[in-house]
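Here's the structure we're looking at; comments come further down.
The values are calculated or read from the model by the stated rules, or taken from the named source; none is laboratory data. The model shown is predicted, which means the values in this text are computed figures rather than measured ones. Note that each Cβ is placed from the backbone with ideal geometry, even for glycine, and that neighbours are counted across all protein chains shown. The accessibility values were calculated without ligands, DNA or RNA, using every heavy atom of the protein model including side chains. Shrake-Rupley method; radii C 1.70, N 1.55, O 1.52, S 1.80 Å.
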Amino acid sequence: MAFVAPGRDQPVELSIVIISYNTKDLTLDALRSLFQHPPPVDFEVILLDNNSSDGSFEAIRDAFPQIDSIHHQTNVGFAAGNNLAAERARGRRILLLNPDTVTLEHSHAALWRFAESQSTRGIW
C-alpha cells in the first residue's frame, strides 16, 4: 500500500482532501505526519488552497510536489473547497483532513478498519 501520484489513471482506495487557508506551518506539519504515518491502503492527497496570503500554497507545493495542489483564486470557504477538491478524487473513500491534524502511528489504520467494518454508513 502506498501513495499514488496525481495524473495516473489507477484508482486508489482513499483520497485525502485538505483545505488550506493561511495555515502554512500547520499544513506542512500535517502533511509531514501523514507521510510519516500513512494509511494502510493506496492513497492520494488533494490539497486546495483558498487563496492564502501567507505563502501557504507555494511552501506546500515546494515541500510536497507529489501531491495534487490546487490554488484557488478566491477563498471559497471550507465546504465549497472540499466539494471542489473531492471532484478530483479517485478514491473509493474520501477523508477530509483538517490542516491542523497531526497523524499518529496507526491512526489511519484504525479508522480504515472501522470504516470497512461499517460499510453501510457514509460518514465516520
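Details
- Residue match in the stretch 84-102 (condition: in a helix (DSSP H, G or I) and of a type in the set (Gly, Ala, Ser)): yes
- Matching residues, the stretch 53-83, being aliphatic (A, V, I, L, M) and either part of a loop (DSSP other than H, G, I, E, B) or under 12 Å from LYS24 (Cα atoms) (or both): ALA59, ILE60, ALA63, ILE67, VAL76
- Residues (free of Cβ contacts under 8 Å to residues at least 12 places away in the same chain, surrounded by 12 or more Cβ atoms within 10 Å (Cβ to Cβ) and not polar (S, T, N, Q)) located in the stretch 69-89: ALA80
- Set SER20, SER52, SER33: member being closer than 17 Å to GLU105 by Cα, at pLDDT 95 or above and among the hydroxyl-bearing types (Ser, Thr, Tyr): SER33
- Pairs with Cβ under 6 Å, 6+ apart, first in the stretch 103-116 and loosely packed, with under 15 Cβ neighbours inside 10 Å and charged (D, E, K, R), second part of a loop (DSSP other than H, G, I, E, B) and modelled with pLDDT of 90 or more: GLU105/HIS37
Quick grid of which residues meet (1) within 20 Å of TRP112 (Cα to Cα); (2) without any contact (Cβ under 8 Å) to a residue 24 or more places away in the chain; (3) out of contact with any helix residue (DSSP H, G or I) (no Cβ under 9 Å at 6 or more places or on another chain):
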site: ALA2; (1), (2), (3): yes, no, yes
site: VAL12; (1), (2), (3): yes, no, yes
site: THR23; (1), (2), (3): no, no, no
site: LEU31; (1), (2), (3): yes, no, no
site: GLN36; (1), (2), (3): yes, no, yes
site: PRO39; (1), (2), (3): yes, no, no
site: ASN50; (1), (2), (3): no, no, no
site: ASP62; (1), (2), (3): no, yes, yes
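- Unique match (being open to solvent by 70 Å² or more (accessible area, probe 1.4 Å), at pLDDT below 95 and not aromatic (Phe, Trp, Tyr)) among ARG92, ARG61: ARG92
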